[in-house]
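Peer 1: Quick one: structure below, then a few questions.
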Amino acid sequence: MGRELFLSGNEACALAAYDSGCLFASGYPGTPSTEILENLGTYNSVNTSWATNEKVALELCIGASFAGRRSLAVMKHVGVNVAADPLMTLSYTGIKGGLVIVTCDDPGMHSSQNEQDNRHYALFAKIPMLEPSSSAEVYNFLTAAFYISEKFDTPVLFRLTTRICHSHSRVFPGKKSELPASGFTINNQKYVMIPAWARMRHVFIEKRLALLEKFSCSSKFNIFEKGAGSRLIITSGISYQYVRENFINLPVLKLGMTWPFPAEKVRKISCRFKEVMCVEELDPFLENACLVSGVNNIIKRPKNFYIGELNPERVKALLVNFKDFIKPVKQNIPAARPPALCRGCPHAFMFEIFRDYGLIVAGDIGCYTLGTLSPYNALHACIDMGASIPVGLALRAASAGKQKNKIISVIGDSTFFHSGITGLIDAVYNKRSGLIVILDNRSTAMTGGQDHPGTGKTLPGNISVRLDIEKIVRACGVNRVFQVDPFKKTETAAVIKKSLALKEIVVIIATRECIIYGPQKR
């Protein structure tokens, strides 16, 4: 046995990518995925970058893959929504160098605006999906994911969840692979998806899916663990750990390659048991796959298990009493500490002004989302990254009376680069009117102070061009642009009051570095 390391799932993912010969990686910061690229960025041989958004990140990885390089796209679960457009067509073109897409889901919504189950993306895109249950499996499965990608000419979805990302366990790394780049090969029927060629590639996808299902049935990822009893448990990911923490001797079919679903293997094993229950977080993905595959002895979970993350207590209650865990365990735990803006945060001064003016604020994703909480109570809508501008302007246009001039849009600097610019262009093009406030703290602060195009530094810390937000705003056609300092509260409040009365698009850029990460970046 070689060296032993004690790693988080994210650290194991980064190390596995490096050891697998991955030479290109990109993503956008988002909990619980952020540390993967941060760790991978410490290896000089890997071209790592924070992309402006997840769509761009995946498209960069596609280009690297087409050149024969192994590449890794990293994002949190909602980021896959942004990257879905290229993902769906990438399934058609296939790859050249292995390409793995890491989706880090967030059951329980520890730091997310929704609880979507991204396993459905594997089914939707018709690509294979692996789900490790420990840091060791993260390392081993990711290494295998590149092999699967190249063997079957397909991108691979690699699904982690918050507990896998951030929990630690033993990892036994293997040897590093050195893979020469083969370069791009012109093949228009494979890489150019006009309808005539895309139709042929759809046929390829269906054949590939059948081959992948056979591979899944015989693979080392899907393991039957014998035990006592007439009920079979089918599970995957962190749920497997919760099952085993409670019940050592139960018969368990542990699925590591959950799509394509290994239907034949599941049928052969399930028929030996009186009952089959799928223990999984969120949607009944495995449960539905079992039913579609002809497994008729399934016991369906109560629907309250479709909500929130699992834990050992909930799993025990499910398997013993077929009920959710309600009675809390008596523990000496500290008082709750709800999230709040940091002391001295420049955003706090802005939200005090919004509150004092009685404004209705369409907000966005970032630290400033906390402006919705007391003592500010000054953010009233938040959907997704970039939504603040179109939502706020349309809310204003559809409102009447005095309320109309009280509605503004608020977006952060990193979010503006991510997906705010298109909404601003729409506003100018369609001659909308309203106030947009860009909170520029020179950082992607919510996820740990990562750099973005407005900071002048890249992921490895190299000096780059610092894109000027005001110049971009003016280039989009906005004539009224004001720069303010949130710490100069009286002056800032006067500019906001003046801007509310204007019947055109007005942008206020409130610039003051993050109180936490600003000093660290100097």
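The values are calculated or read from the model by the stated rules, or taken from the named source; none is laboratory data. For clarity, every value in this text was computed on a predicted model and none was experimentally measured. When we count neighbours, we look across all protein chains shown, and the Cβ atoms used for this are built from the backbone with ideal geometry, even at glycine.
Peer 1: What pairs come up if the first residue lies in the stretch 466-495 and is in the same structural domain as H452 (by TED's automatic domain parsing), the second is surrounded by 13 or more Cβ atoms within 10 Å (Cβ to Cβ) and of a type in the set (F, W, Y), and their beta carbons are under 6 Å apart, counting only those six or more places apart or on different chains?
Peer 2: Pairs that qualify, where the first residue is in the same structural domain as H452 (by TED's automatic domain parsing) and the partner is surrounded by 13 or more Cβ atoms within 10 Å (Cβ to Cβ) and of a type in the set (F, W, Y), are P486/F349; K489/F349; V495/F482.
Peer 1: Quick check on the stretch 152-191: of everything there that is at pLDDT 95 or above and among the charged types (D, E, K, R), which residue is farthest from G237 (Cα to Cα)?
Peer 2: Taking the candidates together, the pick is K190.
Peer 1: A further question follows. Which of (1) part of a loop (DSSP other than H, G, I, E, B); (2) modelled with pLDDT under 95 is the odd one out, the single condition E281 does not satisfy?
Peer 2: Here E281 meets the rest and fails (2).
Peer 1: Continuing with this model, one more query. Name the residue that is modelled with the highest pLDDT, counting only residues in the stretch 4-33 that are more than 23 Å from S149 (Cα to Cα) and of a type in the set (S, T, Y). Steps first, answer last, please.
Peer 2: Going through the stretch 4-33, the residues more than 23 Å from S149 (Cα to Cα) turn out to be 4-8, 29-32.
Now narrow it down to the ones that are of a type in the set (S, T, Y): 8, 31.
Values: S8: 98, T31: 95.
Taking the candidates together, the pick is S8.
Peer 1: For K265, which of the numbered conditions (1) part of a helix (DSSP H, G or I); (2) closer than 30 Å to Q113 by Cα fails to hold?
Peer 2: (2)
Peer 1: Let me ask you something else. Looking for something assigned to a helix (DSSP H, G or I) and surrounded by fewer than 17 Cβ atoms within 10 Å (Cβ to Cβ) - is there at least one such residue anywhere in the stretch 332-343?
Peer 2: Scanning the stretch 332-343 turns up no residue that is assigned to a helix (DSSP H, G or I) and surrounded by fewer than 17 Cβ atoms within 10 Å (Cβ to Cβ).
Peer 1: Working only within the stretch 38-77, note down all residues that are closer than 23 Å to T162 by Cα, hydrophobic (A, V, I, L, M, F, W, C) and touching a Phe, Trp or Tyr at 6+ places or on another chain (Cβ under 7 Å).
Peer 2: Those that are closer than 23 Å to T162 by Cα, hydrophobic (A, V, I, L, M, F, W, C) and touching a Phe, Trp or Tyr at 6+ places or on another chain (Cβ under 7 Å): L40, W50, A51, A57, M75.
Peer 1: Take the stretch 284-305 and flag every residue that is part of a helix (DSSP H, G or I) and among the basic types (K, R).
Peer 2: Of everything in the stretch 284-305, just one residue is part of a helix (DSSP H, G or I) and among the basic types (K, R), namely K303.
Peer 1: Among L23, L90, which is the only one that is touching a helix residue (DSSP H, G or I) at 6+ places or on another chain (Cβ under 8 Å) and surrounded by 24 or more Cβ atoms within 10 Å (Cβ to Cβ)?
Peer 2: L90
Peer 1: Another question, then. Please verify whether the stretch 306-317 includes one or more residues that are part of a helix (DSSP H, G or I), surrounded by 16 or more Cβ atoms within 10 Å (Cβ to Cβ) and modelled with pLDDT under 90.
Peer 2: Yes: the stretch 306-317 contains one or more residues that are part of a helix (DSSP H, G or I), surrounded by 16 or more Cβ atoms within 10 Å (Cβ to Cβ) and modelled with pLDDT under 90.
Peer 1: Please pick out the residue among E281, E245, E275 that is of a type in the set (D, E, K, R), touching a residue at least 60 places away in the same chain (Cβ under 8 Å) and touching a Ser or Thr at 6+ places or on another chain (Cβ under 8 Å).
Peer 2: E281
Peer 1: Identify the single condition in (1) aromatic (F, W, Y); (2) under 24 Å from C165 (Cβ atoms); (3) assigned to a loop (DSSP other than H, G, I, E, B) that Y240 does not satisfy, given that it satisfies every other one.
Peer 2: So Y240 meets the others, but not (3).
Peer 1: So is S443 at pLDDT below 95 and in contact with a Phe, Trp or Tyr (Cβ under 7 Å, 6 or more places away or on another chain) or not? So that I can check it myself, show each step before the final result.
Peer 2: On the way: at pLDDT below 95: yes; in contact with a Phe, Trp or Tyr (Cβ under 7 Å, 6 or more places away or on another chain): yes.
Taking the combined requirement at face value, the residue satisfies it.
Peer 1: Just give me the residues in the stretch 30-52 being within 17 Å of the chain's Cα centre (by Cα) and among the aromatic types (F, W, Y), in sequence order.
Peer 2: Selection gives W50 alone.
Peer 1: Here's something else I'd like to know. A196: over 28 Å from D19 (Cα atoms) and free of Cβ contacts under 8 Å to residues at least 12 places away in the same chain, yes or no?
Peer 2: Yes.
Peer 1: Here is a list of conditions, (1) touching an Asp or Glu at 6+ places or on another chain (Cβ under 7 Å); (2) farther than 21 Å from C367 by Cα; (3) among the hydroxyl-bearing types (S, T, Y), and T422 meets all of them except one; can you say which number that is?
Peer 2: The one condition T422 does not meet is (1).
Peer 1: Could I ask something else about it? Being of a type outside the set (A, V, I, L, M) and either touching an Asp or Glu at 6+ places or on another chain (Cβ under 9 Å) or farther than 19 Å from I353 by Cβ (or both) is the filter; apply it to the stretch 390-403 and report the residue that is modelled with the highest pLDDT.
Peer 2: Within the stretch 390-403, the first condition is being of a type outside the set (A, V, I, L, M), and the residues that meet it are 390, 392, 396, 399, 401-403.
From what's left, either touching an Asp or Glu at 6+ places or on another chain (Cβ under 9 Å) or farther than 19 Å from I353 by Cβ (or both): 390, 399, 401.
Working: P390: 96, S399: 90, G401: 78.
Among residues in the stretch 390-403 that are of a type outside the set (A, V, I, L, M) and either touching an Asp or Glu at 6+ places or on another chain (Cβ under 9 Å) or farther than 19 Å from I353 by Cβ (or both), the one modelled with the highest pLDDT is P390.
Peer 1: Quick check on the stretch 247-267: of everything there that is over 12 Å from N296 (Cα atoms) and of a type in the set (K, R), which residue is surrounded by the most Cβ atoms within 10 Å (Cβ to Cβ)?
Peer 2: Going through the qualifying residues, I end up with K254.
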